[in-house]
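No lab work stands behind these numbers, since they all come straight from the coordinates. Since we're looking at a predicted model, the values are computed, not measured. Positions of Cβ are generated from backbone atoms using ideal geometry, with glycine treated the same way; all protein chains shown enter the neighbour counts.
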Amino acid sequence: MRKKLLVLTLAMSMVVGLVGCGNKGNGNGGGGGGDSAAAVSGETEAKEINGITYNRATDLTDKNIELTYFHFDQNETVEYLADRFEEIYPNITVNPVYENVGTYNDTLTTLISNGESPDIIMFSDADAALSNFWVADISAYYDSDPETKELASTINECGLGCYSTSKRYAVPIKFFPGVMYIDLNVLKKLNVEAPSRNWTWADMIQLIKDCTVKDSSDGMPYYGCGFYNRLDSYYGIAAAQTIQGEFGFDGTDFDLGVWAVGEQEFAGLKQGGYIAPSSQTVEMENWMGDWEQWCGNSGHVALFTEAFWTFQNTWNTPTYHEQYDLDIVPYVVPAVSEEDAAKDHHTIATIDFGGITTACQYPREAYELLKFMSFGKDGWKTRIELYNDETQVNASGIALKYDVMPAPITTDSEIWDGYIEMYCKGMDETHVGYWREFFESCLQPIPYGWVSIAGYWNYCDQYFNKLGIHDLVDSGKGKAADYADEATEKANYYHAKAMLDYFGKSGYDVLSDEEIEKYETMEKENS
Amino acid sequence: MSEKMSKEEKKQARKNRKKMKAGRLAKREAITGLLFITPWIIGALMFLAYPLITSFRYALNNIRITPLGMNFEYVGYENFTQVLLSDAEFPMQLADYVVSTIISVPIIVVFALIIAIMLNQNIKGKGFFRLIFFLPVIIVSGPILGMLNEEGAGSITAIDTQAITTSIQGVLPSSLADPISSIFENMVTILWYSGVQILIFLSSLQKMDRSMFEAAKIDGGSGWECFWKITLPNIKPMILLNIVYTIVFISNNEQNTIIELIKTSMFAGTQEKGYGYASAMAWMYSLIVVVIVILFAVLFMAKKDVYEKQVKKAKKAHKKELRQLKKIERRSARNAKKNARAGRV
């Protein structure tokens, strides 16, 4: 009898355990339900917290609700913003969930497949989000929100976040403008004149060549360019104002002929010895005497294609000011034609997008939170307050201003004045002028393809990266122009296929019959 | 009163008889047994049968993991053909895996056997050495092993792996040379995989009857002869066990590039890949693993030895003789009866 009882207990506990570990069901139900408003009314009331006046939306639910915000943003910043949002809307509890970018998609997929979908998600791979209907159509909220009219012009003009449809699925969350950094001290040492602020692509290439000096007086060679981002990515956008994405994407078709010019030029610079050695290479060891070194420390590189955050994270830190003789200033990514260069123009930028999931029960409230975390003015007021307070630090004890701080994507002058003041704290007038000028010219961003073009990531994964075209051209084994035609066909094929899969009848079903026919023809022609 | 008592006694006796019925006892024992294995049955159904069936179902579908549930689109065997025909990486990695497994399994097992024999000797600090060889199993697992490999700890620094790789590549085609070279480059990792196998061999060696060795020594048998004639035949079943364990371990290990490829495809989240595609990959991979296991099992399955065969043959002959003897006895009895009847007549 005792044995029987023991066995029964074991069996029961196991079954209970299994049930407990099993599917908890989709707590979010069918999505879009509840008593959430269908559009943004625009009606607000003022609420002051910490000296900041917030425009509290009055058309949000009075119910006590919880919203989950799944992100790979700077965690302490998001938590601070979430707390402030809760202060503005006391009935809404925000549950921010951070996941490292390396495992982000895996964790999100697992959560969603377990029926534990968050309400709002960030994403940097549009194909995963669109092919699985992760993000809902938020056009009704976005179009009725007055703040969206004040965003950087390309967001609306090029339909960034709409993926070549008439619907909006995502908004920009983090914006890092494309920037060319020039070390003025290197130019002084080499007696090279600083380029014009309205420089062209050709001016930039000339600068790189002028600043490459192999037999310098101090015995350490100078290089024209130290690269993090490839120049061909920059060139692909800088070539023409009609381009809306990487690889010459004009909103419907790709044309890698444009990319091929930039790719070949960059390969030529590499082969000609104008590009500084990368870290962990024999060339680096020979140049700086240390395998691990970074060319940004050398004081022997004129121009850097570093990320926007490198300035605050690295060059603007006290250690760098004390240890290295650098004078880094920002230049806008030059346009190819003189006409485009003379005015503000499209430049590549790193933008992470985010959206509301299709399972979210309170999309209106989620939209307000999404806006607060991304482009919203109230959110940016809070961010600037946070970044100004250097006692607010990350897990490593570094002030949040120096930890991958993005730039506002709104054009609102109040926000930008506050941001520039905070950004340039401690700089002299000349340098503030450089930055102010740069920020005024950087608001026509075009993001990298994988966040803005349907099928782009599949194309890279299945074709472009598999062939290893960059390596082939860089090493001189192939000419970029030889790949351009086939690469264009493949890019168009993957894009057309993705458009049909994601937005056709079996997808979101938002394409018109004409559009479906167009993409079907495009798919057939390029397959 | 006595009559009443006898009735009650009869009742009790009937009850006892009922209780003692052999069928009921067997039934009750069967139920108890069943109850004891119920957790295992539930576990096997939930964690083995259900995932197997589900993954096969996934393999036949194109799956979208949406926040409102999973969308299935039946595509038949398209995922399997896609894996084989459109993605060259999987078949190539599969071929590399087969070659490297066939080579590395004997290396691991032989190494484990040698170390187990050495650890079975009467040496000082035996426990400490056993601990050293088993430690990688506990410490060096999963991400730690990956990090150590990244730092180059997977290869023996004293060996010029580059020279070995170059010479192998000079002799063999690259499809064979690459997996063989990678074995030399990851020699330490491979040897770290042998902790459990050493333990299994050690337990089997310790169970062996020492008198066999003593007898062999008295008869003049050398250590070498003892190993081949006594040790090896005795631990042969453990060799197969270790081979199967090693294959399964290598195949499911996080360092295995195919596992990484399946995982990447699973979370690719695109129309081309995803859960369905990854499940098709996993099924094909499992079949290859099973084939390798069968191959080694056929090679190392314990065959009955000659002595046992002869004993069995002799027993059979003896039984046959007995049957014939009985037949003769019966026949002679019948004949005797016949003769007796004929005599009366």
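Anyone know which of B:I243, B:I200, B:I42 comes out most mobile in the 10 Å Cα GNM of chain B? Comparing B:I243, B:I200, B:I42 in the GNM, the peak value goes to B:I42. Inter-chain Cβ neighbour count for B:35-47, averaged per residue, equals 4 (cutoff 10 Å, partner chain atoms only).
About its Cα centre, how strong a charge dipole does the range A:395-527 have in debye, to the nearest 20, once Lys and Arg get +1 and Asp and Glu get -1 at the Cβ?
500
For the cross-link pairs A:K377/A:K518; A:K524/B:K273; A:K188/A:K477, the ones whose C-alpha atoms lie over 32 Å apart are A:K377/A:K518; A:K188/A:K477. For the residue pairs B:K207/B:K316; B:K27/B:K313; B:K236/B:K312; A:K209/A:K343; A:K214/A:K343, the C-alpha atoms sit more than 27 angstrom apart in B:K207/B:K316; B:K27/B:K313; A:K214/A:K343.
Legend: ranking of residues B:F72, B:F201 from fewest to most surrounding C-beta atoms inside 10 Å; resulting order B:F72, B:F201.
Helix A:201-210 and the longest principal axis of the C-alpha atoms of chain A enclose an angle of approximately 50°. The mean number of partner chain beta-carbon atoms within 10 angstrom of a residue's beta-carbon across peptide B:272-278 is 3. Sorting the segments A:313-324, A:477-488 by their residues' average number of neighbouring beta-carbon atoms within 10 angstrom, most packed first, yields A:477-488, A:313-324.
For the range A:381-410, list residues with backbone N below 15 Å from a point placed 7 Å from the Cα of A:H431 toward its Cβ? It comes to A:402, nothing else.
To the nearest ten degrees, helix B:257-266 and the longest principal axis of the Cα atoms of chain B are 80 degrees apart.
Let me know the shape class of the range B:218-345, please: from the alpha-carbon gyration tensor, a ≥ b ≥ c as square roots of the eigenvalues, rounded when a/c is under 1.5, otherwise prolate if a/b is greater than b/c, or oblate. It comes out oblate by the Cα gyration axes. Give the shape of the range B:21-74 as rounded, prolate or oblate, defined through the alpha-carbon gyration tensor: a ≥ b ≥ c are the square roots of its eigenvalues, a/c under 1.5 means rounded, and otherwise the shape is prolate if a/b is larger than b/c and oblate if not. Note, shape of the range B:21-74 comes out prolate. Tilt of helix A:104-113 relative to the longest C-alpha principal axis of chain A, in degrees (0 to 90, nearest 10)? Between the helix axis and the principal axis of chain A, the angle is about 20 degrees.
Cross-link pairs exceeding 22 Å between alpha carbons, from the set A:K167/B:K263; A:K174/A:K497; A:K381/A:K425: A:K167/B:K263; A:K174/A:K497. Put simply, chain A fits an ellipsoid with semi-axes of 41, 29, 26 Å; these come from the alpha carbon gyration tensor as the roots of five times its eigenvalues, largest first. Among B:H318, A:H345, a tally of other beta-carbon atoms within 10 Å of each Cβ gives an order, fewest to most, of B:H318, A:H345.
How many angstrom separate the Cα center of the range A:235-280 from the Cα center of the range B:173-237? What the calculation gives is 59 Å, centre to centre. Going by the alpha-carbon gyration tensor, a ≥ b ≥ c the square roots of its eigenvalues, is the range A:83-166 rounded (a/c under 1.5) or, if a/c is not under 1.5, prolate (a/b greater than b/c) versus oblate? It comes out oblate by the Cα gyration axes.
Mind checking the dipole of the protein assembly as shown: about its Cα centre, +1 per Lys or Arg Cβ, -1 per Asp or Glu Cβ, Debye to the nearest 20?
Dipole about the Cα centre, nearest 20: 13800 debye.
Once you reduce the range B:33-67 and the range B:89-138 to the center of their Cα atoms, the two points are 32 Å from each other. Sorting A:348-355, B:129-136, A:406-413 by their mean Cβ neighbour count within 10 Å, with the most densely packed peptide first, gives A:348-355, A:406-413, B:129-136.
What order do you get for A:507-514, A:425-432, B:180-187 when each peptide is scored by the mean count of other beta carbon atoms within 10 Å, highest first?
B:180-187, A:507-514, A:425-432
Across every direction, the projection of the convex hull enclosing the Cα atoms of the range A:243-350 has a mean area of 8.8 nm². Solvent-free Debye calculation, one equal scatterer per alpha-carbon of the range A:437-527: log10 I(q)/I(0) at 0.26 Å⁻¹ equals -1.23. Per the Debye formula on identical point scatterers at the alpha carbon atoms of the range B:78-308, with no solvent, log10 I(q)/I(0) at q = 0.07, 0.09, 0.14 Å⁻¹ is -0.30, -0.48, -1.03. Would you work out which of B:A163, B:V290, B:S265 lies farthest towards the positive end of the dipole of the range B:78-308, given +1 charges on the beta-carbon of Lys and Arg and -1 on that of Asp and Glu, about the Cα centre? Of the candidates, B:V290 comes out farthest on the positive side. Taking every DSSP bridge with both residues inside the protein assembly as shown, close to 65 percent are antiparallel. Please report how far the C-alpha centroid of the range A:458-486 lies from that of the range A:336-356, rounded to the nearest whole angstrom. After rounding, the separation between the Cα centres reads 25 Å. Legend: mean number of C-beta atoms from other chains within 10 angstrom of residue C-beta atoms, peptide B:66-75, equals 6.
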